[in-house]
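The values are calculated or read from the model by the stated rules, or taken from the named source; none is laboratory data. None of the values given here were measured: they were computed from a predicted structure. Backbone-built Cβ (ideal geometry, glycine too); neighbour counts: all protein chains shown.
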């Protein structure tokens, strides 16, 4: 387990935020799943954008 | 395979008046039948080019996530007759539409223009507006309650409140909002006898296009001086962002700039208004729902999301295929038109359990009311904020609510919601004491 703080990534198309701490359990992505461990074929739950359209959200 | 839908079955969906019947039951019943018997079929309605009617949730997501296959810019983005399309081309010198909004663009043009304002609509940016939006909600609620029972919730609150929010974000003063609200109705509700441009013959295609041109020019005459002023002296408003925005290193051209402001100044409030009005209508007829939400405010975010699915104000957008494409086993040919029924997708029995039940605890609730794909609604997070704040402020002040007279739906096959929701209400006791 990484001891780095959880990060958040944002879809630049629609603003949807992927929060590593929360994951998306309803779609099989468990809480605590790091962004790099999210499958490459992941698409934004809001607009369907590919993973490549997400950027790290600086808090 | 190319399955045809019987003309007599689909024809009512091409008539704006059908959408004004009751609480849109005629449309719900029509699309329920289509989802069952013709989930994707070809409509060959006389006077129109053939349209593939996409009724299923997953199919709408597939089409809207393939922007390069299903274009937005090549033909009318909304349902248009052959006569209307020809008149439009004659009128504009060959263009498919008068406006060139984000809705009417394809990539790379769409992404470049959207990027000019995109970050202003991210949820973390919109969240900072909450105290400011809440102040506006409180003022509209105060004014509404002051008018007393029997007041039309649609015209007195649901229409002007979100209009004031977005038009203020754009930097336009309150005294101009009524005019801009009227222009919105003339554009989106051109076929409704109560909301159309006064004096317009709503059955004459040439007159309809003339109305759109009048609306475009009225907007242009209003926007351009303000754009020029903001280029000289930028202000802290969204019009300044667009006025000084660049695409490929150049200012946005005039038609695209006017259209950009038009889409924000119209779609930026009209669908929120329709959803808010529909939600009040729904609660006024369902006291159990009203009391459940009032007594459980933690349900409000889910309630708002379900209200958006429930209202689904944008009925349809039309795209054209740039190549042959097989969808649900149907062979769509290059150049053919594809009609996306968002209201049908949001009632799809395979995507939503009990879709005709208003369930504030529906989860997940990934509806299509804001569309899907790169064209997803820019203002969706603002719309959610406006509605949540309104209900947070209004529900504690009401003891009960009921319809004072029958509501009325807009006769529009494009953006469709209630145009009249007269309600009676009793104030909550602590509010009565405060007033006394």
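Assorted remarks:
- Extreme residue, farthest from the other protein chains (Cβ to nearest Cβ), among residues of the stretch A:18-37 that are in contact with a helix residue (DSSP H, G or I) (Cβ under 7 Å, 6 or more places away or on another chain) and touching a residue at least 12 places away in the same chain (Cβ under 8 Å): A:20
- Some residue of the stretch B:333-346 being surrounded by fewer than 15 Cβ atoms within 10 Å (Cβ to Cβ), in contact with a helix residue (DSSP H, G or I) (Cβ under 6 Å, 6 or more places away or on another chain) and either within 14 Å of another protein chain (Cβ to nearest Cβ) or within 30 Å of residue B:105 (Cα to Cα) (or both): no
- Criterion violated by residue A:17 - all others in (1) over 8 Å from the mean Cα position of the chain (by Cα); (2) surrounded by 13 or more Cβ atoms within 10 Å (Cβ to Cβ) satisfied: (1)
- Enumeration of residues in the stretch B:93-116 that are over 20 Å from residue B:67 (Cα atoms) and surrounded by 15 or more Cβ atoms within 10 Å (Cβ to Cβ): B:98
- Residue that is farthest from residue B:206 (Cα to Cα), among those in the stretch B:58-104 that are touching a helix residue (DSSP H, G or I) at 6+ places or on another chain (Cβ under 7 Å) and either within 14 Å of another protein chain (Cβ to nearest Cβ) or part of a strand (DSSP E or B) (or both): B:65
- Any hit, the stretch B:19-36, residues being within 14 Å of chain A (Cβ to nearest Cβ) and out of contact with any helix residue (DSSP H, G or I) (no Cβ under 9 Å at 6 or more places or on another chain): no
- Selection status of residue A:55, under 16 Å from residue B:118 (Cα atoms), in contact (Cβ under 8 Å) with a residue 24 or more places away in the chain and loosely packed, with under 14 Cβ neighbours inside 10 Å: yes
- Per this entry, residue A:58 is counted among residues that are modelled with pLDDT under 95, over 29 Å from residue B:66 (Cβ atoms) and within 14 Å of chain B (Cβ to nearest Cβ).
- Taken together, the residues in the stretch B:397-430 that are within 13 Å of the chain's Cα centre (by Cα) and outside any loop (DSSP other than H, G, I, E, B) amount to 2.
- Residue within the stretch B:351-360 that is surrounded by fewer than 22 Cβ atoms within 10 Å (Cβ to Cβ), within 11 Å of chain A (Cβ to nearest Cβ), in a loop (DSSP other than H, G, I, E, B) and in contact (Cβ under 8 Å) with a residue 24 or more places away in the chain present: no
- Filtering the stretch B:386-412 to residues that are crowded, with 22+ Cβ neighbours inside 10 Å and farther than 17 Å from residue B:142 by Cα leaves B:407, B:409, B:410, B:411, B:412.
- The single residue among B:157, B:170, B:183 that is in contact (Cβ under 8 Å) with a residue 24 or more places away in the chain, crowded, with 22+ Cβ neighbours inside 10 Å and within 13 Å of residue B:269 (Cβ to Cβ) turns out to be B:157.
- Residue B:335 satisfies every condition listed in (1) on the phi < 0 side of the Ramachandran plot; (2) at pLDDT 95 or above; (3) part of a loop (DSSP other than H, G, I, E, B) except (1).
- Scanning the stretch B:105-117 for residues that are in a helix (DSSP H, G or I), within 13 Å of chain A (Cβ to nearest Cβ) and in contact with a helix residue (DSSP H, G or I) (Cβ under 9 Å, 6 or more places away or on another chain) gives B:110, B:111, B:114, B:117.
- The residues in the stretch A:1-16 that are assigned to a loop (DSSP other than H, G, I, E, B) and within 14 Å of another protein chain (Cβ to nearest Cβ) can be counted, and the count is 5.
- Scanning the stretch B:1-57 for residues that are outside any helix (DSSP H, G or I), more than 18 Å from residue B:412 (Cβ to Cβ) and out of contact with any strand residue (DSSP E or B) (no Cβ under 8 Å at 6 or more places or on another chain) yields B:6, B:39, B:46, B:47.
- Residues that are at pLDDT below 95 and part of a loop (DSSP other than H, G, I, E, B) within the stretch A:17-32 comprise just one, A:28.
- Residue satisfying all of: in the stretch A:1-14; free of Cβ contacts under 8 Å to residues at least 40 places away in the same chain and farther than 30 Å from residue B:107 by Cα; surrounded by the most Cβ atoms within 10 Å (Cβ to Cβ) among these: A:6
- Failed condition for residue B:366, given (1) assigned to a helix (DSSP H, G or I); (2) surrounded by fewer than 23 Cβ atoms within 10 Å (Cβ to Cβ): (1)
- Residue count for the stretch B:371-387 satisfying the condition of being in contact with a helix residue (DSSP H, G or I) (Cβ under 6 Å, 6 or more places away or on another chain) and either within 8 Å of chain A (Cβ to nearest Cβ) or at pLDDT below 95 (or both): 3.
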